[in-house]
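Peer 1: Attaching a single structure in structure tokens format; questions to follow.
What follows draws every value from the coordinates through simple rules; no lab data is involved. Predicted, not measured: the structure shown is a model, and the values here were computed from it. When we count neighbours, we look across all protein chains shown, and the Cβ atoms used for this are built from the backbone with ideal geometry, even at glycine.
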Amino acid sequence: MDVDLIGFPLDLGAGRRGVDMGPTALRIAGLEQALADLGHSVRDCGNIVVPQPEKHTAVDAKLRFLPEIAAACTNLYNATRDSLRAERVPILLGGDHSMAMGSVAAVADHCFENNLRLGVIWLDAHADMNTSETTPSGNIHGMPLAALLGDGHPSLVEIGGRAPHLRPDQVALFGVRDIDQRERERIWMTGVHAYSMRQVDEFGMPAILKQILYPIQKSCDWVHVSFDVDFLDPKVAPGVGTPVRGGPTYRESHLVMEMIHDTGKVRSVDVTELNPILDDHNVTGQVCVDLVSSLFGKRIL
């Protein structure tokens, strides 16, 4: 594949500082070389310029840094669209998960215009389905999936102009284990396909992955993976701002990426919420590089 690495060092959407250094940590961990070793042609497009928290004030406590995040995500939308128009595979390096409102919107619009059937696999310990009415924190990184489904402030919902960008049946939310009650109600109401870690405990990782991937294999032309690093258990990936115990192990995480790769349909990826300040000698950055490598074809045998 012809791959673009696009850095998006935004941390306005998160409650803890540090994810702005995520793109650098992934590069230091050797992401470009790892993909090149698999035979991919890789172009590092550098970082999109984003607002710095020190220069801005969060006016609305329920939508912290709303105008700045909306503007930054619009720039990411445009950069992602440019990559897709050039028939390249964008890997978006975050930054907090609010970035998905730009990246996934761009992928969705590209697929819509080209009559391609899109499926989104959202790997996350959290549902990211809050709005200003339900958020306990006002942090927008807890809202991107709701916005992509058409629920939220218009400046987040309408990035790129078309809304909603996703239908609930296009989304598989996997790995969740820390969900607000109002988010739980929104999942039930929308019908988003959600798979918790309890289901993994009950039925096993391979069985749940087959349940997720079988309809995608049958009905999708394009798979976007939105990978929040807190999807992983904190023992595997300590460098995240909102760790939740009980996530996938290192080997289970590789199985997830390997089986998604086996669909042959991965064409775009987010890597979000890596926080080097909270990491231990960039071990989480290296884990992310290993997992992205599995997603792009690295095999044991």
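Peer 1: Could you pull out the residue among Asp128, Asp228 that is in contact with a Phe, Trp or Tyr (Cβ under 9 Å, 6 or more places away or on another chain), at positive phi and either touching a residue at least 24 places away in the same chain (Cβ under 8 Å) or not hydrophobic (A, V, I, L, M, F, W, C) (or both)?
Peer 2: Values: Asp228 fails: at positive phi.
Testing whether each residue is in contact with a Phe, Trp or Tyr (Cβ under 9 Å, 6 or more places away or on another chain), at positive phi and either touching a residue at least 24 places away in the same chain (Cβ under 8 Å) or not hydrophobic (A, V, I, L, M, F, W, C) (or both) leaves just Asp128.
Peer 1: What tally of residues in the range 270-301 results from selecting those that are surrounded by 19 or more Cβ atoms within 10 Å (Cβ to Cβ), among the hydrophobic types (A, V, I, L, M, F, W, C) and over 17 Å from Gly39 (Cβ atoms)?
Peer 2: Qualifying residue count, the range 270-301: 5.
Peer 1: Looking at Thr57 and the list (1) polar (S, T, N, Q); (2) in a helix (DSSP H, G or I); (3) touching a Phe, Trp or Tyr at 6+ places or on another chain (Cβ under 9 Å); (4) farther than 23 Å from Gly285 by Cβ, which single condition is not satisfied?
Peer 2: Tallying (1) polar (S, T, N, Q); (2) in a helix (DSSP H, G or I); (3) touching a Phe, Trp or Tyr at 6+ places or on another chain (Cβ under 9 Å); (4) farther than 23 Å from Gly285 by Cβ, Thr57 fails exactly one: (2).
Peer 1: Report, by residue number, each residue of the range 159-187 that is of a type in the set (Val, Ile, Thr), within 17 Å of Thr242 (Cα to Cα) and in a strand (DSSP E or B).
Peer 2: Matches in the range 159-187: Val176 only.
Peer 1: Further question: Surrounded by 20 or more Cβ atoms within 10 Å (Cβ to Cβ), part of a helix (DSSP H, G or I), touching a residue at least 60 places away in the same chain (Cβ under 8 Å) and hydrophobic (A, V, I, L, M, F, W, C): is that true of Leu156 in this structure?
Peer 2: yes
Peer 1: Follow-up. Where residues in the range 3-54 are part of a strand (DSSP E or B), among the hydrophobic types (A, V, I, L, M, F, W, C) and out of contact with any His (no Cβ under 9 Å at 6 or more places or on another chain), which of them is surrounded by the most Cβ atoms within 10 Å (Cβ to Cβ)? Before you say what the answer is, go through the steps one by one.
Peer 2: If we filter the range 3-54 for residues that are part of a strand (DSSP E or B), which is where we start, we get 3-8, 41-47.
Next, from what is left, pick out any that are among the hydrophobic types (A, V, I, L, M, F, W, C): 3, 5-6, 8, 42, 45.
Then drop every residue that is not out of contact with any His (no Cβ under 9 Å at 6 or more places or on another chain), which leaves 5-6, 8, 42, 45.
Working: Leu5: 22, Ile6: 24, Phe8: 30, Val42: 20, Cys45: 16.
Checked the range 3-54; the qualifying residue surrounded by the most Cβ atoms within 10 Å (Cβ to Cβ) is Phe8.
Peer 1: I would also like to ask the following. What's the total number of residues in the range 225-274 that are among the hydroxyl-bearing types (Ser, Thr, Tyr), touching a strand residue (DSSP E or B) at 6+ places or on another chain (Cβ under 7 Å) and more than 16 Å from Leu118 (Cα to Cα)? Let's see the steps before the verdict.
Peer 2: First pass over the range 225-274, keeping only residues among the hydroxyl-bearing types (Ser, Thr, Tyr): 226, 242, 249-250, 253, 263, 268, 272.
Then drop every residue that is not touching a strand residue (DSSP E or B) at 6+ places or on another chain (Cβ under 7 Å), which leaves 226, 263, 268, 272.
Within this subset, residues satisfying the condition of being more than 16 Å from Leu118 (Cα to Cα) are 272.
So the count comes out to 1.
Let's see how each residue does on (1) among the small types (Gly, Ala, Ser); (2) surrounded by 20 or more Cβ atoms within 10 Å (Cβ to Cβ):
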| residue | (1), (2) |
| --- | --- |
| Gly204 | yes, no |
| Val225 | no, yes |
| Leu232 | no, yes |
| Gly246 | yes, no |
| Thr249 | no, no |
| Met259 | no, no |
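Peer 1: Return the residues of the range 111-128 that are buried (at least 17 other Cβ atoms within 10 Å of the Cβ) and either within 17 Å of the chain's Cα centre (by Cα) or assigned to a loop (DSSP other than H, G, I, E, B) (or both); say none if nothing qualifies.
Peer 2: Let us first name the residues in the range 111-128 that are buried (at least 17 other Cβ atoms within 10 Å of the Cβ), namely 111, 118-128.
Leu118, Gly119, Val120, Ile121, Trp122, Leu123, Asp124, Ala125, His126, Ala127, Asp128 - these are the residues of the range 111-128 that are buried (at least 17 other Cβ atoms within 10 Å of the Cβ) and either within 17 Å of the chain's Cα centre (by Cα) or assigned to a loop (DSSP other than H, G, I, E, B) (or both).
Peer 1: Answer with yes or no whether Ala86 is surrounded by fewer than 19 Cβ atoms within 10 Å (Cβ to Cβ), of a type in the set (Gly, Ala, Ser) and over 21 Å from Gly18 (Cβ atoms). Steps first, answer last, please.
Peer 2: Values: surrounded by fewer than 19 Cβ atoms within 10 Å (Cβ to Cβ): yes; of a type in the set (Gly, Ala, Ser): yes; over 21 Å from Gly18 (Cβ atoms): yes.
The answer is yes for Ala86.
Peer 1: Among the residues of the range 36-47 satisfying the criterion of being of a type in the set (A, V, I, L, M, F, W, C) and over 19 Å from the mean Cα position of the chain (by Cα), which is nearest to Phe296 (Cα to Cα)?
Peer 2: Leu38
Peer 1: From the set of residues in the range 129-153 that are of a type in the set (A, V, I, L, M) and assigned to a loop (DSSP other than H, G, I, E, B), which is farthest from Phe227 (Cα to Cα)? Break it down stepwise before answering.
Peer 2: Of the range 129-153, the ones of a type in the set (A, V, I, L, M) are 129, 140, 143, 145-149.
Adding the requirement that they be assigned to a loop (DSSP other than H, G, I, E, B) leaves 129, 143, 149.
Values: Met129: 15, Met143: 15, Leu149: 18 Å.
The residue in question is Leu149.
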